[in-house]
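Asker: Quick one: the structure is below, questions incoming.
The values are calculated or read from the model by the stated rules, or taken from the named source; none is laboratory data. All figures in this text were calculated on a predicted structure; none of them were measured in a lab. Here the Cβ positions follow ideal geometry from the backbone for every residue, glycine too, while neighbour counts run over all protein chains shown.
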C-alpha cells in the first residue's frame, strides 16, 4: 500500500507540475497585441467546449479594446457541446465587431456544432475542399422508435403506408415533415425540434438557406464548400485569408447595433493566442484529465484515511478533487457515473478496514470502471473518456486491492500475541542511557527500558519481556 501511495503521489504531483508549467509557458509566451486597426484572428481547432467558449468571447472583447475592425475565426472542428456552442453563438450575435467564420485550411470541416457557429456568424466563409453539416444532436439523432423503424410525425404507429384522402390531407409543412424520419420518443423529438428552430432562426437572421439547415439537423446531411455557396448556405468561398478579406471589402453586414460596411482589404491580420486562464481551463476540462484528477483526489483521500497525518496524500487529493469537480461542473456529467466512482473509492477504502478477502475491493474496482465509462455524458468526438483511461483506472484499482489483500493476508498469518506482551521481540535503538536503564523509541513512542547488562547509547537492543509500560531488554549481539 505504501508503494502504491507513493506512486499515486508522484502521478498527482507530476500532473499538477505539468499544469503549472503549462500556465507559466502560456503566460511567458503571451504577447501584447499592438493597438490600431487590424483583423483579429482566432482559431478553433478541435472539439468545442467550455475552454473554446471562454477563449472566443474573451478574445473578442480584447480585440475591440485593441482597435480591431473585424474578427476572423479560423475553424476546423468535428463538433462540440451544445451548451458551449449556444453561449458562443450568443456572444457572436451580440458582438460589437463583425465576425467572419472561415473553415480553413483545405480538408477542414465545420461539422455539427461548427455548422451552427457558421450560421450564427455575420459572414460564413469556406476554403475549397472543406465541408460542413451533420448537425444532428449526436445523443438523440438517428435513434429508432420503440417499434423499430423511425416513426414519422403525424402518423400513428401501425398506420398503413397509403392513407387515402386522410393521409393526403394537411398542410404542405406537415407533408414535408413526413418525408423526414424523426426520432420516436417525445424527448428525442423535443431535442431535434429545438435544434431545428435554433438553426432556422440563425439562417433567417442572415438570409441563408434555412431549409438546408433543417435537413442538416434532421437528416445529418453535409455539403462541400462549392455546393454550400451555390445553395446559399455560406457567403464566400476563398482560397486563403488574404483572398477572403479582399472579397469582403465593401460588403455590408448587419450587427446588433446596425449595418456596418467592412473595410478589410488592407488591414493587417493579428493572431490572438489563448491566455494562461484559457490554457488552464482547456487542460482541466479535457475529460481525460478531469477523470484522472477526480481519481487521484479519491485515492489521495483514501491513503490519507489509511495513514492519518501523512498530510501529502490528503493535500494532493483535495487539490486534485477540487480541480476535477470544477471541470465536471462545466462538462456534461452523468451523476450516476460520478456516484459510482465515489462508491468505488469507498469500497476500496472499506477493504482496508473490513477485510473481505477482496470482495469489497473487487466491487470497488468494478464501480470505478463503470463510473469512468459513464462519467462524461456525451458522444461528441474528443470529449469522451477514452478506454485507455478506463484501463488505467482498472489497473490502479486492482493494484490497490491486491496490496490491501496482501497486507491483510500477512497480518492474518502473523502469530497472535497477548496485548500485554505485544512488544516482546521488537528491536530498537537506545535513545537515552543511564547505567542499566534508558529509553528506546518504537513506532514513534518512547519506552522506559532496563537491562541486566550495561547499556551504551546507540546500541541495538531486543525486548525480552514487558511489564505494562516498562520493557526489559538485552543488547543485540
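Asker: Which residues, taken from the stretch 56-85, are in a strand (DSSP E or B) and over 20 Å from residue 123 (Cβ atoms)?
Answerer: 80
Asker: So how many residues does the stretch 93-103 have that are at pLDDT below 95 and surrounded by 24 or more Cβ atoms within 10 Å (Cβ to Cβ)?
Answerer: 0
Asker: Can residue 430 be described as over 30 Å from residue 374 (Cα atoms), exposed (fewer than 12 other Cβ atoms within 10 Å of the Cβ), in contact with a strand residue (DSSP E or B) (Cβ under 6 Å, 6 or more places away or on another chain) and at pLDDT 75 or above?
Answerer: When the stated conditions are applied, residue 430 does not pass them.
Asker: Also: Can you name every residue in the stretch 206-235 that is closer than 25 Å to residue 247 by Cα, part of a helix (DSSP H, G or I) and in contact with a strand residue (DSSP E or B) (Cβ under 8 Å, 6 or more places away or on another chain)?
Answerer: Hits for the stretch 206-235 are 212, 225, 226, 228, 229.
Asker: Being under 21 Å from residue 205 (Cβ atoms) and either part of a loop (DSSP other than H, G, I, E, B) or outside the structural domain of residue 206 (by TED's automatic domain parsing) (or both), is that true of even one residue in the stretch 106-115?
Answerer: yes
Asker: Can you tell me which residue among 299, 272 is surrounded by 16 or more Cβ atoms within 10 Å (Cβ to Cβ), out of contact with any strand residue (DSSP E or B) (no Cβ under 8 Å at 6 or more places or on another chain) and at negative phi?
Answerer: It is 299.
Asker: Looking at the stretch 209-234 only, could you name the residues that are in contact (Cβ under 8 Å) with a residue 12 or more places away in the chain, more than 13 Å from residue 133 (Cβ to Cβ) and either surrounded by fewer than 17 Cβ atoms within 10 Å (Cβ to Cβ) or touching a helix residue (DSSP H, G or I) at 6+ places or on another chain (Cβ under 6 Å) (or both)?
Answerer: 226, 232
Asker: While we're looking at this one, here's another question. Please give the number of the condition residue 286 fails out of (1) assigned by TED's automatic domain parsing to the domain that holds residue 400; (2) touching a strand residue (DSSP E or B) at 6+ places or on another chain (Cβ under 6 Å).
Answerer: (2)
Asker: Looking at the structure I just gave you, is residue 53 without any contact (Cβ under 8 Å) to a residue 60 or more places away in the chain, in contact with a helix residue (DSSP H, G or I) (Cβ under 7 Å, 6 or more places away or on another chain) and assigned to a helix (DSSP H, G or I)?
Answerer: yes
Asker: While we're on this one: Just one of (1) on the phi < 0 side of the Ramachandran plot; (2) part of a loop (DSSP other than H, G, I, E, B); (3) modelled with pLDDT of 90 or more trips up residue 145, so point out which.
Answerer: Failing condition for residue 145: (3).
Asker: In the stretch 98-120, which residues are under 29 Å from residue 37 (Cα atoms) and without any contact (Cβ under 8 Å) to a residue 60 or more places away in the chain?
Answerer: Residues satisfying the conditions are 99, 101, 105, 106, 108, 110.
Asker: Any idea which residue in the stretch 244-267 is surrounded by the fewest Cβ atoms within 10 Å (Cβ to Cβ), counting only those that are touching a residue at least 12 places away in the same chain (Cβ under 8 Å) and in a strand (DSSP E or B)?
Answerer: Among residues in the stretch 244-267 that are touching a residue at least 12 places away in the same chain (Cβ under 8 Å) and in a strand (DSSP E or B), the one surrounded by the fewest Cβ atoms within 10 Å (Cβ to Cβ) is 254.
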